[in-house]
Structures are given as C-alpha cells and as structure tokens.
Amino acid sequence: MSPRPESVLPGRWPLVAANVAAIAMVPSAHLALRAIGWSAVEFLLSPAIGIAIACFVVLGRAVWPGVLVGAFVEEMFVGVAWKDSAYIAVIHTVEAAVVAWLLLRVFRFRRGFLRQRDAVVFMACGVVIAPVLGGLLWGLMYGVVNGNWGFFLPTWHLVAYSHAVGVMAFGAFLLALVRLPRGEWLPWPRVAEGVVIVLACVVVASSGWIDPWALGDDTVALAFLPIAFVVWAGLRIGPMCASGLSLCVVVIAAWGTESGLGPFAREAQHGSGGLMLVFAALAVFCALFSSSMILERRRAEVERERLAQRVSLAERREGLGMLAGGIAHDFNNLLTPLLAGTELLDDEVRTAEGKATLQHMARACEQARGLCQQMLAYAGRGSLEREVVDVSATVEDMADLVRLVAGKDVPVEFGSSESAPPIEIDTTQLRQVVLNLVKNSAEAMRGRRGVVRVSTRECVANQEFLDQLVGGGDLTRPGTYVGLQVEDTGCGISADYVRQVFDPFFSTKQHGRGLGLASVLGVAEAAGGGIQLHSVEGEGTTVTAWFPATTLPKTEAARDVPARPRPRAATVLVVDDEASVRHASRLLLEREGHTVLEAESGEVAVELFRERSDDIDLVLLDLTMPGIDGHETRARLDQIRSGVPTILCSGYDARGSLDSAAFFAVLQKPFDGATLLSKVHAAVGKPSRVDS
C-alpha cells in the first residue's frame, strides 16, 4: 500500500480543522475539571501535556500552532499572566512535539496499543522522557526568564510528577481510541460486562478517596484494589475501556489526594507525589499491557486460522492445478494430430466446401488450444516468454481490442499511470489477463447502466498487504508493485461465491467455463504477484492484478530476421509415446523431404539410436513418457554420440527445467506444420543450445 502520510488530515482546510480541534482539546480536560470543582488535581495531574502529545501523534506535526494556542488559552483561563502563559505554552508544545517524534520515529509506536511493545514504549515516554524533559524546560524557564535558579529543583520535581501522571492517564486514553474493523467489534454481552466493570471500579475507587469513605494513610495496600478492575477490563474488553477506566481511577485518586483524603494524602502534604506516581503508572501500565497481551494473543490465533485456511486453499488449488495441468497436457497431445491433420488435408481437398470445413476444424483446434493454455496458466505450467514491458503502454495499445471485447453497449474508460514502472512478464499472458478481466466485467454489465474502467497504478506494498492478496504466496516480497485494475458497476459477486471464483471450472454464468479468473490468478502467481478482489452484490466489482516491478531495461521489439535458405534433407528421430503425435510429425516432416524414424519410448529410442547414430541428424523428443523420460533419454543418447541437436516436445512449458547444453529448442504442443518445420530447419547443422 501507499506510504502512510505524516498527517491523517492533509490539505489546507482539513489542516485548519485539525488545528482548531487541537486548540479545543488541549485545555478541555483542565477546564472541565475546574468546572466540576476539581481544580486541585492540577498539582498532581497535568492533562494538557498528555492531550498535546496525542494531538501530535494522531494529527501530525503540522498542528503545532493549535497545540501552542490551546496551551496558551489554558494558562490564561486559570489566571496566569499572559507573558508566563506564552512561556508555558511554548514549553508544552516543544515537550509534546519531542515526545511524539520519539514515539513515532524512534520507537515506531502505533496507535491503539495492539502490541505489547507499544504499551512498554509509551510507558517509558510517560514515566521517564516526558517528565524529565518537562521538568528541565520548566526549571530553565524559571532560571533564565525570572532569574531565580533557586526554584529549579523544586519546579523540576513538581512538574515531573504532574506531567508523568498527565501523559500516562490522558495520553494513553486518547491514543487507545481507534476505529476497529467491524469484524473486531465486541458482542453486546461483552459490552454489558464492560459497563459493570466500569461502575464497580468507580465505586471502589470512590470509596478510597471520596469523603466520608476515604481510606486512611495506614491502608495504602487497599488503595490499589481498583487496579484489579482495570486489569479485568483490559483482559475482557480491550485497550479503550481499560485506559478509560485507568483515567477515571487516576483522576479520582489525584483529586482525593490533593483534597487531603485517601492513603496518599500525608505524603502529598510533605511535598512528595511518589506514591501517587506509582499508583498512576501501575494503573495505566496494567491497563495497556493486559489488553495488548490479550489482543496479541487473539491476533495470533486469527493469524493461525488464516494461515491454516491459506494452506488448505493452497492444497486445494494445488490439487485442482494438477488436475487442470494433466487435462491440458493430454488434450494438447490429442490436438497435435488434429491440427497437423487439417493442415495436411488442406493440400488434398479441392472443393470450396471442403476447405471451409477444414478451416472450421482448424479454428476449433485453435480455440481448444487456447483453453488448454488457460488451464496450464492456472496450473503455473504455461508457456512463458518473459519480457520487460510497460503495463500502461500495453493497455493503451489494446484499447481498440478491449472495446471490441466489451461490446458496443458497454462503455470502457482508460486511466493509466504514466509513472508506473515496468514489470517482467509474458506479453501474451498479460494481454490475456486484460481481455479476461474486461470480458468478465462486460458480462456483468449486461442490461445495466455504467462503465468498465481499466487503469494501472503503482504502490509500495508491505507484507501485511501482500498477505491479503489471493494467491500471494512465497514469491511475493515487499516492494514496489504495479496494479492492473478493471472496475465495473455490474451485478457484483455474492459473498457466498467470492472464495470460489478463482477455482477452475467454477462459473456463475450459464455458459461459462470458469477459466477466466483462474488463468488470471495463475499468470499473476507465476509473475510473483497476486489478485485483489472487492465486490458488492448489486453495485459492482473491482479486480486488481498486482505484479512486482522491475528495474531491468524494457525489452526492445525483435528485428525482422532475413529468411534462411531451406536446409538439406535430414534424418529425424521422433520419440513420443502417442502414436498419433508420431504419425502427424512424420507426415509433416516427410512432406518437406526429411527421413523420419519413430520410437514409442525412451528405451526403444536408445536402441534405435545405437544402431543408426551416424545417420540421425536430429532428435524430436517428448518430455513425459512412461519408463525413462526425456531428460534421461537425452543423457543416454549423449553416451552413444554427443552433439546431436535435440528438440524437446511437451504439453507443458518445459523450459524452466532445461539444461541449456542439452536441448536446442522447445516445441510446445499442440504445434502446426510451420512451427515444427521452423524449429527443425533451424536445428539442422547447428550446435546444441536452447532456443529462447
């Protein structure tokens, strides 16, 4: 996803609104406490500094004017001279900005306290960094501005206590306020339990510090009883409830202590707030740590369940992929003689009706070959010619074809990103991805008003984003990704079918084959990416195929190579376990004057090659055969006579597993005569290599 902005309210007017919010928030707590007659807490509790830190963390550093003005307004309202109010406002702003910067930039703090480390980091800032920095700035103000250095240590002592308690109580509560996803909302029984916890805790806390039930100074241990309710809230409800409850407990304790009530009153009268500081730190820390611990455990359980679902889905897709790949491989073997046969019969048939029939047969074979390629793409075993291509330029070049596929009644809009980097992918497969996605969107738009929008974009993706992609597996790595997005306002996909739409042979359409999205997923996975799907039934669907960007230079268009003269007639050994494939290959080669020897297995081919190794100029070798396969057969042939060019035939894309020194070229089934002969003519008389 795109990098997180420094401010969640960017822009001119939202920034103004953020500063206005800061002006209102910073003095609000202090003024509210004064309004209810609890002004005494200001000596043990400084709400403004905690609120100011939360403003910087949540709204960004650009709200410093609002924090500054808010702190100034607070001091003016409580009767401080305007000059001193200005000095204090500057101190609050600097202190809050520094602490917020440390939280975000140094400690990588995240709002919501969803991790235990966030609770520990925040407590370190609240107990150590904020009070030390605040006390130092206040002491310097008295020494430099007023020329009274004798108040340095007393001022530092008092400010350190009040700032520490204020940051922990008010800052923790505000930073815990995050919007949870709908799936993480608490059920109503848990909410009712939270209400009971809050009421019980307030009653217990009130009995410790509010007259006439206030505890004496000899019952300090009982004063910590409300913390048990805070821990209960953290374990059962979450950070928001627990931090809010700790805030209430700390405010009640501070008011009672400053009023001369409760077990901490005697210590406070002697100028020390140590017990109050310990109480506040323990209450807030227990609230944050207990809740974050439970949240981490819940998230770990959810993550385990998600990983288990992904493993189950991967196993199911692997099984379907093996099925689809096996079917495609067998169909490719069956289509090879059909495709070659129509080409051979074209020379024999003289009537126009007969030639038209052959054309229909050839077209049907090509369509069947396309279906097989889609199944192989889903299985990750399709034919790949990787190039460095510009996705935006490819989409623009396909504009006319895309509109033709969508149909006249479905308008198509384009919105490509000119700055998107190139990707490394098979161009033919990338075009097929575009056409498949547009075709699905156009079919969903039938009878509805709207538009299909095709666009490209780029983003910097982290691992969390990649884990949410369909098909985002081991090949996906954090970094820059390019997205091909097709958006429609059609009928949408039912929530019951969202998990199944990428399965091969699954389709909600009456005449659908269920291979469009399956092949798109296979192409994205093979390129190291994945698919992002968002659909609302009745409103539309957005599908984005994400591909990893590359820094390699773009592939230049291939130059036309002058036609080579026809080579001499050669003796070719055709090795394939399918008799129909051997027969079709023999007819195509003999038509060009070549001599053909046939072998139905690797063992037979080795024996035949042993007998006639001096006569054989080329070997046409199938990869997958019973007994010894193509690799083992080639190794045994080399033991008899090395250096004979070998063309590997397969219904899969076999180049990824080839030894570049063993094979001259790869011939993808099903093949026609022109493709076969071009490979054969190029191999005759040439050294062994893999033709890429």
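Numbers for the structure displayed
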{"quantity": "Selected residue (only one of D615, D638 is part of a loop (DSSP other than H, G, I, E, B), over 48 Å from the mean Cα position of the chain (by Cα), at pLDDT 85 or above and among the acidic types (D, E))", "calculated": "D615"}
{"quantity": "Verdict on A599 being open to solvent by less than 20 Å² (accessible area, probe 1.4 Å), modelled with pLDDT under 85 and not basic (K, R)", "calculated": "no"}
{"quantity": "Selection status of G139, out of contact with any Ser or Thr (no Cβ under 6 Å at 6 or more places or on another chain) and either assigned to a helix (DSSP H, G or I) or farther than 30 Å from S259 by Cβ (or both)", "calculated": "no"}
{"quantity": "Count of residues meeting criterion [in contact (Cβ under 8 Å) with a residue 12 or more places away in the chain and on the phi < 0 side of the Ramachandran plot] in the range 394-408", "calculated": "9"}
{"quantity": "Tally of residues being open to solvent by 40 Å² or more (accessible area, probe 1.4 Å) and farther than 13 Å from H163 by Cβ across the range 86-96", "calculated": "2"}
{"quantity": "Any chance G112 is more than 17 Å from S162 (Cβ to Cβ), open to solvent by less than 20 Å² (accessible area, probe 1.4 Å) and under 37 Å from the mean Cα position of the chain (by Cα)", "calculated": "yes"}
{"quantity": "Of all residues making up the range 641-673, the number that are of a type in the set (A, V, I, L, M) and at pLDDT 80 or above", "calculated": "6"}
{"quantity": "Any pair with Cβ under 8 angstrom, 6 or more apart, that starts in the range 353-367 at a residue that is farther than 16 Å from A674 by Cα and touching a residue at least 12 places away in the same chain (Cβ under 8 Å) and ends at one that is in a helix (DSSP H, G or I) and open to solvent by 50 Å² or more (accessible area, probe 1.4 Å)", "calculated": "L358/L345; L358/D346; M361/L338"}
{"quantity": "Matching residues, the range 290-305, being surrounded by 13 or more Cβ atoms within 10 Å (Cβ to Cβ) and among the basic types (K, R)", "calculated": "R298, R299"}
{"quantity": "First in the range 523-549 and at positive phi, second anywhere and of a type in the set (D, E), Cβ under 8 Å, 6 or more apart", "calculated": "G540/E487; G540/D488"}
{"quantity": "Failed criterion for R431 (all others in (1) modelled with pLDDT of 85 or more; (2) open to solvent by 20 Å² or more (accessible area, probe 1.4 Å); (3) in a helix (DSSP H, G or I) hold)", "calculated": "(1)"}
{"quantity": "Selected residue (only one of A328, A268 is within 28 Å of D503 (Cα to Cα) and either modelled with pLDDT under 75 or among the aromatic types (F, W, Y) (or both))", "calculated": "A328"}
{"quantity": "Check on A563, open to solvent by 40 Å² or more (accessible area, probe 1.4 Å), modelled with pLDDT under 75 and within 47 Å of the chain's Cα centre (by Cα)", "calculated": "no"}
{"quantity": "From A253, A200, A242, A223, residue being at pLDDT 75 or above and closer than 24 Å to G112 by Cβ", "calculated": "A242"}
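Every residue, every condition in (1) surrounded by fewer than 21 Cβ atoms within 10 Å (Cβ to Cβ); (2) at pLDDT below 90, yes or no:
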{"residue": "A48", "(1), (2)": "no, yes"}
{"residue": "I53", "(1), (2)": "no, no"}
{"residue": "F56", "(1), (2)": "no, no"}
{"residue": "G60", "(1), (2)": "yes, yes"}
{"residue": "V67", "(1), (2)": "no, no"}
{"residue": "F77", "(1), (2)": "yes, yes"}
{"residue": "A81", "(1), (2)": "yes, yes"}
{"residue": "D84", "(1), (2)": "yes, yes"}
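The values are calculated or read from the model by the stated rules, or taken from the named source; none is laboratory data. Just so it is clear, the model here is predicted, and its values are computed rather than measured. We place every Cβ from the backbone using ideal geometry, glycine too, and count neighbours over all the protein chains shown. The protein model used for the area step is the full one, side chains on, heavy atoms only, and it has no ligands, DNA or RNA in it. Shrake-Rupley method; radii C 1.70, N 1.55, O 1.52, S 1.80 Å.
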